[in-house]
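The values are calculated or read from the model by the stated rules, or taken from the named source; none is laboratory data. Note that the coordinates shown come from a computational prediction; the quantities given were computed from them, not determined experimentally. Ligands, DNA and RNA are stripped out before the accessible areas are found, and what is left, the full protein with its side chains, is counted by its heavy atoms. Shrake-Rupley method; radii C 1.70, N 1.55, O 1.52, S 1.80 Å.
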Amino acid sequence: MQKKIVLVIPPVLESKLPMLSIAYLSAYLKKYGYNVKIIDFNIFDQLENSNDIHFWNDNDNCVRYFKNNIDKIRKYIKNEIIDFEPIIVGFTVYG
């Protein structure tokens, strides 16, 4: 059984910034036999305001967005992460 890992890019990172660190980590893990899946929430269902960094830096906007879309997000997480059955789920951060 191949060990599976999911790497998640949460919203919102400017699309102008390539996620090289995730690509490097994925390549390294694959080299050692892991099945790696990358989930980018910036392309999840045409994420509204995906290019507006100020929208996502406002806590109220984030809470409202996730509350209003909770069922869609749960379904996506189930389909893309839980059904994949990873041993690890990692989230990238940007600060």
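Ordering ASP83, ASP40, ASP71 by accessible area with a probe of 1.4 Å, largest first, what comes out?
The ranking, largest first, comes out as ASP71, ASP83, ASP40.
Given their separation in residues at 0.36 nm each and the Cα-Cα distance between them, ASN42 and ILE87 gain 13.9 nm when the chain is fully extended.
Roughly speaking, what is the stretch gain from HIS54 to ALA23, that is 0.36 nm per residue apart minus the C-alpha to C-alpha distance, in nm to one decimal?
Full extension from HIS54 to ALA23 adds 8.6 nm.
For the cross-link pairs LYS4/LYS72; LYS37/LYS72; LYS4/LYS67; LYS3/LYS30, the ones whose C-alpha atoms lie over 22 Å apart are LYS4/LYS72; LYS4/LYS67. 3J(HN,Hα) along the range 31-38, derived from phi through the Karplus expression 6.51 cos²θ - 1.76 cosθ + 1.60 where θ = phi - 60°, amounts to 4, 9, x, 7, 8, 10, 10, 9 Hz, with x in place of Gly and Pro.
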